[in-house]
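Undergrad: Before I ask anything, here is the structure I am working with.
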Amino acid sequence: MQKCIIGKKLGMTQLFDEKGKVIPVTIIEAGPCAVVQKKTIENDGYESVQIGYGDISDKKVNKPLKGHFAKADAGLKRTLKEFHLDDCSVLNVGDIIKADSFAVGDAVDVQGISKGKGYAGTIKRFGNHRLKESHGTGPVHRHAGSNGANSTPSRVMKGKGLPGHMGVEKVTVQNLTVVKVDAENNLIALKGAIPGPKGGIVFVTDSVKA
């Protein structure tokens, strides 16, 4: 069975193995999550499972979503995520997924949103070279240079690296090892670091090795 769960990054700490070796780990509050919807080939053209995580107050949910949650009878959820599993038949609408669905030694992939790093220039954002600081450069030695100045094409080509908002991007870290599972408190400890700030939402699935 392929496993999936939604969680929250609580931060990093360290654990010790049987030999006393330090293992840096990231602690995730994994679930409990409820299966809100199942998509099938007959109705949707593909198979997937939609699960929800985190309770939310009634006044923050619109009517269409309230009807969507009412069908599952699993309460109102703050975060929804669709997972494409190898076998969706093992999960049904209304099922609860908890941290104990994972075991020590499992290899998992974690997807999250990276930290925002604010407005950045092309040197920091894309690793561009700076101009020389000798005669004639002026105060623009860290600028991106002219863009689209020629008569052809007279525009900036799509995809050109320019100054702008750096960070807050979807990042996936693969093949992380589950070091410890605390089923009572719905906590999972993963070896190494994962993307996102403290308190950020992350999506955990079985690692898919090429």
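The values are calculated or read from the model by the stated rules, or taken from the named source; none is laboratory data. On a predicted model such as this, the values are computed, not experimentally measured, just so you know. Cβ atoms come from the backbone with ideal geometry, glycine included; neighbour counts cover every protein chain shown. Quick note on the areas: whole protein, heavy atoms, side chains included, nothing else; ligands and nucleic acids left out. Shrake-Rupley method; radii C 1.70, N 1.55, O 1.52, S 1.80 Å.
Undergrad: Using alpha carbon centroids, what distance separates the stretch 120-142 and the stretch 1-67, in Å?
TA: What the calculation gives is 43 Å, centre to centre.
Undergrad: So for the stretch 63-179, what are the equivalent ellipsoid semi-axes in whole Å, largest first, each being the square root of 5 times an eigenvalue of the Cα gyration tensor?
TA: Over the Cα atoms of the stretch 63-179, the semi-axes work out to 48, 21, 13 Å.
Undergrad: Under unit Cβ charges (Lys, Arg +1; Asp, Glu -1), what dipole magnitude, rounded to 20 debye, does the chain have relative to its Cα centre?
TA: That gives the chain a dipole magnitude of about 1420 debye.
Undergrad: Same structure, new question: What's the magnitude of the charge dipole for the stretch 6-85 around its Cα centre, counting Lys and Arg as +1 and Asp and Glu as -1 at the beta-carbon? Answer in Debye, nearest 20.
TA: Here the stretch 6-85 has a charge dipole of around 380 debye.
Undergrad: Still on this structure, please answer the following. Taking amide H atoms as placed 1.01 Å from N in the peptide plane, list the residues 5 or more away in sequence, or in a different chain, whose amide H sits under 5 Å from that of residue 97.
TA: 33, 34, 35
Undergrad: Quantify, in whole percent, the carbon and sulfur part of the accessible surface of the chain (1.4 Å probe; protein heavy atoms only).
TA: Exposed carbon and sulfur together represent 51 percent of the surface.
Undergrad: For the chain, what is the accessible area per residue in Å², given a 1.4 Å probe and the full set of protein chains?
TA: 62
Undergrad: Right, something else. So, R0 is 35 Å and r is the distance between the beta-carbons of residue 165 and residue 23; what FRET efficiency does that work out to, to 0.05?
TA: Efficiency for this residue pair is about 0.50.
Undergrad: Okay, next question. Could you give each residue of the stretch 96-109 its phi-based ³J(HN,Hα) in whole Hz, using Karplus coefficients 6.51, -1.76, 1.60 with θ = phi - 60°, and x for Gly or Pro?
TA: 10, 9, 10, 4, 6, 6, 9, 10, 4, x, 5, 9, 10, 10
Undergrad: Compare 46, 53 by solvent-accessible area with a 1.4 Å probe and give them largest first, with all protein chains kept in place.
TA: Descending accessible area places them as 46, 53.
Undergrad: Which three extents, in angstrom, do the Cα atoms of the stretch 128-186 have along their principal axes, listed largest first?
TA: Dimensions of the stretch 128-186 along the principal axes of its Cα atoms: 65, 31, 19 Å.
Undergrad: Just one of [x] 1.37; [y] 1.12; [z] 0.97 is Rg/Rh (Cα atoms, Kirkwood Rh) calculated from these coordinates, so which is it?
TA: [y]
Undergrad: Which aspartates and glutamates does residue 39 reach when only Cα atoms under 16 Å apart count, and residues fewer than 8 places away in its own chain are ignored?
TA: 47, 82, 86, 87, 95
Undergrad: For 69, 16, 203, write out the residues from largest to smallest accessible area, computed with a 1.4 angstrom probe and no ligands counted.
TA: Of 69, 16, 203, the descending order of accessible area is 16, 203, 69.
Undergrad: What whole-number volume per residue, in cubic angstrom, does the convex hull of the C-alpha atoms of the stretch 14-123 give?
TA: 214
Undergrad: Now, a different point. Using DSSP to call loops (not H, G, I, E or B), can you name the trypsin sites (Lys or Arg not before Pro) in the stretch 136-190 whose Cβ has at most 12 other Cβ atoms within 10 angstrom?
TA: Passing both the DSSP loop test and the Cβ count: 155, 158, 160.
Undergrad: For the chain, build the charge dipole from Cβ charges (+1 Lys, Arg; -1 Asp, Glu) around the Cα centre, then report which of 11, 154, 40 sits farthest towards its positive end.
TA: It is 154.
Undergrad: Using only DSSP helix segments of four residues or longer, with each worth -39500 (n - 2.57), what per-residue ellipticity at 222 nm results for the chain after dividing by its residue count and rounding to 500?
TA: -2000 deg cm²/dmol
Undergrad: Over 21 Å between Cα atoms: which of 38/77; 132/158; 124/160 fall into that group?
TA: 132/158
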